[in-house]
1. Scan the range 178-197 for residues that are closer than 14 Å to Leu164 by Cα and either over 36 Å from the mean Cα position of the chain (by Cα) or not in a helix (DSSP H, G or I) (or both) and jot them down.
2. Would you confirm, using the coordinates I've provided, whether Thr241 is crowded, with 22+ Cβ neighbours inside 10 Å and polar (S, T, N, Q)?
3. Could you tell me whether Asp166 is more than 26 Å from Leu226 (Cα to Cα), at pLDDT 95 or above and either hydroxyl-bearing (Ser, Thr, Tyr) or not in a loop (DSSP other than H, G, I, E, B) (or both)?
4. Are any residues in the range 166-188 out of contact with any Phe, Trp or Tyr (no Cβ under 6 Å at 6 or more places or on another chain), among the hydrophobic types (A, V, I, L, M, F, W, C) and more than 12 Å from Leu216 (Cβ to Cβ), and if so, which ones?
5. Filter the range 159-171 down to residues that are touching a helix residue (DSSP H, G or I) at 6+ places or on another chain (Cβ under 7 Å) and more than 9 Å from Ser188 (Cβ to Cβ) and give me whichever is surrounded by the fewest Cβ atoms within 10 Å (Cβ to Cβ).
Amino acid sequence: MKRFIYLLPVLFLCACATDDIALLKKSVSELNSQNMELKKEIADLKTGLTEQDRKIKTVNEDIRLNAEAVITLKSDLKSMETRLNDKIKAIEAQLPQSKAQKVEQVQQKIQSSQSDSNKVYIEDNIADKATLYNLAMELYKSGRYEESIDKFRSFTVRFPSDSLADNSLYWMGESYLNLNNLEKAAESFRNVIENYPQENKVPDAMYKLGVTLDKLGKRNEAVDILKKLILNFKYSDIANTAKSKLIEWGVKDE
């Protein structure tokens, strides 16, 4: 009996120890579980960091390649600019000479064909071409034909490549017609046709040349001019006028 009594504390302690061991095992198990979760999270973080590192390296590589491309592009653009400037300089070096030659040729043709043996031509001192042309037109409209001829001639000599040069020659011819100087009028109209074949006054100049030649007794040449006018400008109003003139002359329009 006494032995049993002595064993009771031992048994009690054993029971307590068993409970503690069970709790300890449970705690260890929970810690192991948490440890596994932490390891998994760490592994996921490492994977994420690796992916981010890869993306950063890719971006850095793209930046490097783009920087190299920009440098190459700048170099190419600079080379192109240099070549373009060289071409422009070469063209500019050739253009003034060829243009000057063309202007000189037109001036010589106009001066030689339009020179008036009875008048000494004095270079007009009006610098602005628009002012000079408008003045010539005002003189023409006022019936001051000799003065208008001087101004129109000045315009064509000084500005032979201007868009109004053909108009100036044409109205010079009209001025000569009003002065009944048929030869000079014909020369002026012919100059419009020969020197400015692509300009807008050519059809009118052809018609007036034909009419003037007829007055000079050159009917056959006049007919040829009007027929050419009708052929080349068939849809223009002046072509219809030319047809009427041929009918008036008794010429059949073929």
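The values are calculated or read from the model by the stated rules, or taken from the named source; none is laboratory data. In this text, all values refer to a predicted model and were calculated from it rather than measured experimentally. Positions of Cβ are backbone-derived with ideal geometry, glycine not excepted, and every protein chain shown enters the neighbour counts.
1. Hits for the range 178-197 are Tyr196, Pro197.
2. Judged against the criteria, Thr241 is not a match.
3. It is false that Asp166 is more than 26 Å from Leu226 (Cα to Cα), at pLDDT 95 or above and either hydroxyl-bearing (Ser, Thr, Tyr) or not in a loop (DSSP other than H, G, I, E, B) (or both).
4. Matches in the range 166-188: Leu169 only.
5. The residue in question is Ser161.
Residue by residue, here is whether (1) out of contact with any Leu (no Cβ under 6 Å at 6 or more places or on another chain); (2) surrounded by fewer than 21 Cβ atoms within 10 Å (Cβ to Cβ); (3) modelled with pLDDT under 95; (4) within 29 Å of Lys129 (Cβ to Cβ) holds:
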{"position": "Phe152", "(1), (2), (3), (4)": "yes, no, no, yes"}
{"position": "Gly173", "(1), (2), (3), (4)": "yes, no, no, yes"}
{"position": "Phe189", "(1), (2), (3), (4)": "no, no, no, yes"}
{"position": "Asp204", "(1), (2), (3), (4)": "yes, no, no, yes"}
{"position": "Gly210", "(1), (2), (3), (4)": "no, no, no, no"}
{"position": "Arg219", "(1), (2), (3), (4)": "yes, yes, no, no"}
